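Read the structure below first, then the notes.
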Amino acid sequence: MPDIINYKEEVKRLISETYESADIINKEFQFTTIQLTNLLMTILPYKAIDEHLVYEALLELGFQPKEESPLEFYWYFKRK
């Protein structure tokens, strides 16, 4: 029987191996949840993840969305 892939854990692994949370001063990258989901869909199967799963995975990794301007939130990343 084939193994079932837990895609939330896979998203967490892909992000945590290379990146950590940053703030607006020391960020190297910034993405909205939708932008990050679209980037991850180039690696993972298209229908396997959605923005809800990515949002939950980021929160579980300790990331917090930051408001850059009114009602415009981004996730900030820096390389490890």
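None of the figures in this text is laboratory data; all of them are computed from the coordinates on show. Keep in mind that this is a model prediction, so the values were computed, not measured. Neighbour counts run over all protein chains shown; Cβ positions are idealised from the backbone, glycine included.
Points to keep in mind about this one:
- Rg/Rh for the chain, where both radii come from Cα atoms and Rh is the Kirkwood radius: 0.99
- On full extension, the segment bounded by residue 21 and residue 35 gains 3.4 nm, given 0.36 nm per residue less the C-alpha separation.
- For residue 31, the residues whose modelled amide H falls within less than 5 Å of its own, excluding neighbours fewer than 5 places apart on the same chain, are 75.
- Positive-end extreme of charge dipole, the chain - chosen from 55, 69, 42 (charges on Cβ): 42
- Residue-by-residue Karplus 3J(HN,Hα) for segment 53-60, coefficients 6.51, -1.76, 1.60, Hz, glycine and proline x: 5, 5, 4, 4, 4, 5, 4, 5
- Qualifying chymotrypsin sites (Phe, Trp or Tyr not before Pro) for the chain [loop in DSSP, other Cβ within 10 Å: at most 15]: none
- Pairs of lysine residues in the chain that meet both criteria, 8 or more places apart or on different chains and Cα atoms under 21 Å apart, total 13.
- Hypothetical label at residue 80: residues of segment 1-28 whose amide nitrogen lies under 11 Å (7 Å Cα-Cβ projection): 13-21
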